[in-house]
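Presented below is the structure to which this report refers.
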Amino acid sequence: FRNEGSLTSTLRTLLFFTTLMITLPVGLYFSSKAYVFEGSLGMSDRDSYFYAAIVAVVTVHVVLALFVYVAWNEGSRQWREGKQD
């Protein structure tokens, strides 16, 4: 039964980061383009596309790094629990 809980936890984590990977970069791209770069900073349409794309790429990398960190810690925790048996 421990493996079922572990599998559920792993799938929940994967689903969470998949959702973040899809929504966060796209949302930050459009919101930073419209509100930050064009609205607040007054950049041209062409420049705002470029900088908003950079924001989206950095966001993808941050989400991937967080996923690797969480997966690494979850894997090491499960390994320690399994080793105690």
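The values are calculated or read from the model by the stated rules, or taken from the named source; none is laboratory data. Model, not experiment: these values are computed from the prediction. Note: areas computed on protein heavy atoms with side chains; ligands, DNA, RNA excluded. Shrake-Rupley method; radii C 1.70, N 1.55, O 1.52, S 1.80 Å.
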What number comes out for accessible area per residue over the stretch 25-82 if the probe is 1.4 Å? Units Å², please.
70 Å²
Dividing the Cα radius of gyration by the Kirkwood radius, what Rg/Rh value follows for the stretch 25-82?
1.33
Along the stretch 45-60, what does the Karplus equation 6.51 cos²θ - 1.76 cosθ + 1.60 (θ = phi - 60°) give for ³J(HN,Hα), rounded to whole Hz, x for Gly and Pro?
4, 5, 5, 5, 4, 4, 6, 5, 5, 4, 4, 5, 5, 4, 4, 4
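Full-extension gain between ARG12 and GLU74, please, as 0.36 nm times their residue separation minus the C-alpha to C-alpha distance.
My answer for the length gained is 21.1 nm.
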Grab the Cα-Cα distance for ASP45 and HIS61, subtract it from 0.36 nm times how many residues apart they are, and report the gain in nm with one decimal.
3.3 nm
